[in-house]
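Q: What follows is a structure written as structure tokens; I'll ask about it next.
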Amino acid sequence: MACARGSLLKEIDLTKAQFLSLVEDARLLAQAHYDDDSRERLAGKNIALVFEKSSTRTRCAFEVAAHREGAHVTYLGPSGSHLGKEESIRDTARVLGRMFDGIEFRGFSQSSVEELAENAGVPVWNGLTDQWHPTQMLADIMTMIDNHDGPVEEIVYSFVGDGRNNVARSLLVTGALLGMNVRIVAPRELWPPADVVDIAETLAVDSRARILITDNISDGVDDADFVYTDMWVSMGESDEQWSSRVELLLPYRVTEQTMKLTGKPESRFMHCLPSVHDRSTALGQSVFDRFGLDGAEVTDDVFESPQSLVFEQAENRLHTIRAVLVEALGN
């Protein structure tokens with residue numbers, strides 16, 4: 001069964017032109033946001049937000065975007081529905097599809113969001129799975145375009161950290177789709193899976209993207225316009241993973257020295273958030289108590305520096321998700 005038109009389950013559901021069109025729509029919507037444009041292109045629409053995982057930016061961005069455009073949302077949290085417990089994903093999809101005009105899903109397995117989309121009969125949007133994070137990519141590319149002079153194909157960015165996680169996979173494939181210069185900088189044990197690399201390399205043939213996967217930090221961040229990292233242990237992984245990840249990833253921590261290795265004083269720092277950059281959270285304090293680290297994947301001086309774009313990225317989740325909703329459901 002085919003997915004409804006307007007669904008977004010992974011980055012390669014979009015062509016390069018479609019991806020950049022959504023980003024441009026988001027940039028226009030961002031301007032309208034500040035100009036107090038009150039048009040309601042989703043008036044009368046109802047959207048279900050289905051969450052297996054906790055969320056700050058994704059939930060808030062979908063809710064505010066929908067409300068801004070006149071739609072209503074219903075939030076179904078980890079304990080707020082029968083999904084996957086008393087009721088199958090297929091059955092839930094067929095119920096929600098009869099009540100809602102669109103469904104957002106944030107959860108664990110990519111197969112779950114795909115099964116939801118195959119059976120709902122309405123657009124389904126992936127707000128994050130363990131494999132892909134397409135709405136984050138739209139916000140990230142918008143942020144890069146807004147902070148770079150020149151065409152998107154000239155942008156150089158480096159992801160430093162766990163190259164297997166959903167953000168690293170998505171950054172690799174997105175850069176390949178758009179013809180960018182994308183590097184994944186990680187210990188060999190944490191390089192992206194072979195099937196993801198194959199997707200990126202296939203896309204790069206047509207887009208002329210430049211792809212580098214390396215464990216050499218100096219090579220990986222040299223000439224980078226943007227240095228990107230993410231938490232060392234992802235949602236859903238056990239707390240016990242911290243010991244092995246710290247040992248593997250400590251050399252890949254983004255510090256002031258890492259930023260200097262780009263050779264570009266104007267290089268910017270990016271992170272999808274949340275971040276362990278100091279001891280102000282329970283997790284940050286735990287990392288300090290166990291490993292003596294004040295911050296983990298990035299030091300606080302980089303996170304709070306003028307080079308940091310992390311909160312611009314967070315805001316751009318709103319504008320890009322709004323563009324996705326308007327494109328799929330707009331009146």
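Q: Search the stretch 1-22 for residues being more than 23 Å from ASN166 (Cβ to Cβ) and either in contact with a Ser or Thr (Cβ under 9 Å, 6 or more places away or on another chain) or in the same structural domain as PRO123 (by TED's automatic domain parsing) (or both), and hand back the single one that is surrounded by the fewest Cβ atoms within 10 Å (Cβ to Cβ).
A: ALA17
Q: So, restricting to helices (runs of 4 or more DSSP H) that lie completely within the stretch 47-121, which ones have at least 3 residues that are in contact (Cβ under 8 Å) with a residue 24 or more places away in the chain and over 19 Å from the mean Cα position of the chain (by Cα)?
A: Working: elements: 57-68, 89-99, 110-120.
Hits in the stretch 47-121: 89-99, 110-120.
Q: Something else: Any idea which residue in the stretch 7-32 is farthest from PHE100 (Cα to Cα), counting only those that are part of a helix (DSSP H, G or I) and charged (D, E, K, R)?
A: So in the stretch 7-32, the residues part of a helix (DSSP H, G or I) come out as 11-13, 16-32.
Restricting the remaining residues to those that are charged (D, E, K, R) gives 11, 13, 16, 24-25, 27.
On the way: GLU11: 24, ASP13: 22, LYS16: 29, GLU24: 27, ASP25: 24, ARG27: 27 Å.
Checked the stretch 7-32; the qualifying residue farthest from PHE100 (Cα to Cα) is LYS16.
Q: Now, a different point. Confirm whether SER244 is outside the structural domain of ILE47 (by TED's automatic domain parsing), more than 17 Å from SER158 (Cα to Cα) and exposed (fewer than 15 other Cβ atoms within 10 Å of the Cβ). Give the steps one after another, and end with the answer.
A: Numbers: outside the structural domain of ILE47 (by TED's automatic domain parsing): yes; more than 17 Å from SER158 (Cα to Cα): yes; exposed (fewer than 15 other Cβ atoms within 10 Å of the Cβ): yes.
Spelling it out, SER244 is indeed outside the structural domain of ILE47 (by TED's automatic domain parsing), more than 17 Å from SER158 (Cα to Cα) and exposed (fewer than 15 other Cβ atoms within 10 Å of the Cβ).
For (1) modelled with pLDDT of 95 or more; (2) buried (at least 19 other Cβ atoms within 10 Å of the Cβ); (3) more than 25 Å from VAL298 (Cα to Cα); (4) small (Gly, Ala, Ser), each residue gets a yes or a no:
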{"site": "LEU190", "(1), (2), (3), (4)": "yes, yes, no, no"}
{"site": "ALA194", "(1), (2), (3), (4)": "yes, no, yes, yes"}
{"site": "ALA200", "(1), (2), (3), (4)": "yes, yes, yes, yes"}
{"site": "SER207", "(1), (2), (3), (4)": "yes, no, yes, yes"}
{"site": "ILE217", "(1), (2), (3), (4)": "yes, yes, no, no"}
{"site": "TRP232", "(1), (2), (3), (4)": "yes, yes, no, no"}
{"site": "ASP239", "(1), (2), (3), (4)": "no, no, no, no"}
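Q: Restricting to the stretch 264-304, what's the tally of residues that are under 15 Å from VAL233 (Cβ atoms) and in a loop (DSSP other than H, G, I, E, B)?
A: Total meeting the criteria: 11.
Q: Could you tell me whether ARG68 is in contact with a strand residue (DSSP E or B) (Cβ under 7 Å, 6 or more places away or on another chain) and not aliphatic (A, V, I, L, M)?
A: no
Q: So which of VAL156, VAL160 is surrounded by fewer than 24 Cβ atoms within 10 Å (Cβ to Cβ) and more than 14 Å from the chain's Cα centre (by Cα)?
A: Numbers: VAL160 fails: surrounded by fewer than 24 Cβ atoms within 10 Å (Cβ to Cβ).
When all the criteria are applied, what remains is VAL156.
Q: Could you check, for the stretch 124-137, whether at least one of its residues is farther than 21 Å from GLN313 by Cα, in a helix (DSSP H, G or I) and in the same structural domain as THR58 (by TED's automatic domain parsing)?
A: The answer is no; no qualifying residue exists.
The values are calculated or read from the model by the stated rules, or taken from the named source; none is laboratory data. Owing to the predicted nature of the structure, the values given are computational and were not obtained by experimental measurement. Every residue, glycine among them, receives a Cβ derived from its backbone with ideal geometry; neighbour counts consider all protein chains shown.
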